[in-house]
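> Submitted below is the structure of interest, expressed as structure tokens.
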Amino acid sequence: MENRSSNSHAGIDVDVAIIGAGPAGLTAGYLLTKQGKTVAIIEKDKTYVGGISRTVEHEGYRFDIGGHRFFSKSQQVVDLWNEILPDDFIQRPRMSRIYYEGKFYSYPLRAFEALWNLGILRSTACMVSYLRYKLFPIKDVKSFEDWTTNQFGKKLYSIFFKTYTEKVWGMPCNEMSADWAAQRIKGLSLWNAVTDGLKRSLGLNKKPNDGQEVKTLLETFRYPRLGPGMMWDAARDKIIATGKGQVLMGHALKQLASDGNGGWSMTADSPTGEVQIRAKHAISSAPMRELSVRLHPLPESSLQAKDLKYRDFLTVALMVKSEDLFPDNWIYIHDDRVQVGRVQNFRSWSPEMVPDENMACVGLEYFCFEGDGLWSATDDDLVAQATKEMNILGLCDPSKVVSGAVVRQEKAYPVYDDEYEANVDAMRIELEGKHPTLHLVGRNGMHRYNNQDHAMMTAMLTVENILAGERLYDTWCVNEDAEYHEAGDEGEAKVIPAREVSEDQAAALQSVRDVPSRIKKSA
């Protein structure tokens, strides 16, 4: 098979049809073709694979869409990265800071530094607030605000979490589900920051027997020298090279219909016409809301899917005449004078992202909703706004900005509001319950704020289920109980963190199926 994008496809017959060529879709395609299965992957982008993990190129400059550190506690994910891209990883220093009231704070927070920068009065108020919520925590934790207040106290929450989080999500923190905080910043606390700082200061962060440092935040990370898109370009090429897979660029899902025999008929639109793909299994990393309206017959839970929300995102890249502007990979902007939420420094990710050593390239990230004022603004207006805001923050002399470019990313973040969990559960039970050969994977496919490695894990487990001919593993447990994703040791988990499908889950799935099922019991 080859990578073709014409209307010459009268029809394609494969073992597995895959929607989306992001990390999850390409991981599934790569592993399936390695096992001799035939696959067809459709991707609506005409140029880039990798989804939000793609790398966009503009006049020799490369832009990472959101920043992707290649770190995972799963050894199997690390091994897969090394297998797909064996010779192109570089080791990079990790540095992220928060910009607040003209001062920089390390992120994750270092307690003593934060309290020193805040001054005696506010530091005292922060500590009193922290102790108050440790002694008398909010008992009925429902929102992001509740969860974070219990972890850090109301005062630190309002300084270091509220402004930025509301800028990212476009909604009040008391309307966001606590699930998002628990999933993204679990394991971080003020007490941990204080004790870690003390141990470092006193040289007590060594184990007494073997001299090894205790688990702490990672200080370096691996990164493809030309950006994360390099990984997914390589995965695509390897899939095609097997002769078992094809990747159809510029092809958007039109309809996914059951063929009545447990398989699927998928129709994709392209500028050159429709393509029909017939497959025994279908894997979807498409946004759950979009999948639901393209399924035939229309699922009963499509009303719940319509209520799922997404946050969109755009990057304004500025090329600046300067050797470098700051050493960070990115800076979080906690400042309501500007709309920018985060500023990337692409040279700090990899020197090869910036072709001219006399130039710096930064990416200002704006969080928005598709169709709003930011999203709809012209590229020239966005470049002008980004230049102005860099000047307001004191991060860049506007006279040194040479040029700019804009990259838009729709549905970058699945929103965790009060109703998302019930809506996702309804879709999950109906789709995967009624259709054992339909598999939801990845960030948007499962409407879960997963990292790149977690998205890959859902695909890896899905492949195991397809090869076994039964749903052995519960893909929805991936990242369910994860601690902070940048703490600990790379590859410390030697197997994919998964669990076998339980009897209760089997019963829930079976209750909406009309076909026999063999679901493996939990050990």
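> Between A241 and K321, what is 0.36 nm times their sequence separation minus the Cα-Cα distance? Round to one decimal in nm.
24.6 nm
> Going by how many other Cβ atoms sit within 10 Å of their own, how do E432, E464 line up, fewest first? It would help to have the intermediate numbers written out before the result.
Numbers: E432 20, E464 16.
The fewest-first ordering by Cβ neighbours comes to E464, E432.
> Further question: Report the gain in length on full extension from D372 to D87: 0.36 nm times residue separation, minus Cα-Cα distance, nm rounded to one decimal.
Additional length available on full extension: 98.4 nm.
> Sort M457, M288 so the one with the fewest other Cβ atoms within 10 Å of its own Cβ comes first.
M288, M457
> On to the next question. Most exposed first by the Cβ proxy, i.e. fewest other Cβ within 10 Å, how do Y223, Y133 rank? Let's see the in-between values first.
Working: Y223 27, Y133 21.
Fewest to most other Cβ atoms nearby, the residues stand as Y133, Y223.
> A further question follows. Past the 23 Å Cα-Cα mark, which pairs from K134/K155; K142/K167; K73/K139; K244/K280; K306/K411?
The pairs that break the limit, which is 23 Å between Cα atoms, are K73/K139.
> S284: net charge of surrounding residues, Cβ under 10 Å, Lys/Arg +1, Asp/Glu -1, itself excluded?
Counting the neighbours of S284, the net charge comes to 0.
> Could you tell me how many cubic angstrom of Cα convex hull volume segment 310-414 has per residue? Walk me through the numbers on the way to the answer.
Working: hull volume 10.4 nm³, N = 105.
In segment 310-414, the Cα convex hull volume per residue is 99 Å³.
Rule-based calculations on the coordinates, nothing more; no lab input. As the structure is a computational prediction, the values presented were derived from the model and not from experiment. For neighbour counting, all protein chains shown are included, and Cβ atoms are generated from backbone atoms with ideal geometry for every residue, glycine included.
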